[in-house]
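Everything below concerns the one structure shown next.
Nothing in this text is a laboratory measurement; each read-out follows from the coordinates by a stated rule. This structure is a prediction, so every number in the text was calculated from the model and none was measured. For neighbour counting, all protein chains shown are included, and Cβ atoms are generated from backbone atoms with ideal geometry for every residue, glycine included.
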């Protein structure tokens, strides 16, 4: 799975992009988020922030959206363009 | 191309001319230009950097334009949004909507801009005298986008 982090979140995590292999039992956005937060430290704080938005394959996702190793998942703060 | 995300500046005359070219049924063009201010939340802003999510940003704006075309009698629309380093007075974003009549053009232009502000993945980081900071999303922008959900569609 390809993971992307943008803006303030990328800076907090010190990482813009990574590839991961999902462990058994991680099949939804909520489970992916919890798994990444379990890395602890800044990951736990940044990913448990309720304002974080998540997109799966470039479409906005919800906690129930399914994820597989073939997906691109992006984490980012509320948008501020225009 | 209806949607472009680019570092280069844009020429609104050329954009509007391209939008209208070969479409004599157009009777109205409404446009909006967002520009870089030198002040935000009480602090002076010397410069800003805009970041986006290549691919998703363009797709999300295309989807917003599709919604506008489905809702109003709109002939065509285009959006240009800059990314990278910008300074006060610089142009940031351009939205233009062409329609047979002005009512649809005005409404769709405002709708596209309100939705872009709250849905298209762009993030601003600004340079202030106390250092660089990420701009926070505004609840007023959420409210501006939300009001379109309750407004009755108009086909003018």
ask   = Consider residue A:82 against the criteria (1) surrounded by 18 or more Cβ atoms within 10 Å (Cβ to Cβ); (2) touching a residue at least 24 places away in the same chain (Cβ under 8 Å); (3) more than 13 Å from the chain's Cα centre (by Cα): it satisfies all of them except one. Which criterion is unmet?
value = (2)
ask   = When residue B:104 is evaluated against the numbered criteria (1) touching a residue at least 12 places away in the same chain (Cβ under 8 Å); (2) within 14 Å of chain A (Cβ to nearest Cβ); (3) over 14 Å from the mean Cα position of the chain (by Cα), which criterion, by number, is the only one it fails?
value = (2)
task = Return the residue satisfying two criteria in turn: it lies in region B:29-50 and is within 14 Å of another protein chain (Cβ to nearest Cβ) and either assigned to a loop (DSSP other than H, G, I, E, B) or on the phi > 0 side of the Ramachandran plot (or both), and of such residues it is surrounded by the most Cβ atoms within 10 Å (Cβ to Cβ).
result = B:45
ask   = Any chance region B:51-65 includes a residue that's away from chain A (no Cβ under 14 Å) and either crowded, with 22+ Cβ neighbours inside 10 Å or under 16 Å from residue B:2 (Cα atoms) (or both)?
value = yes
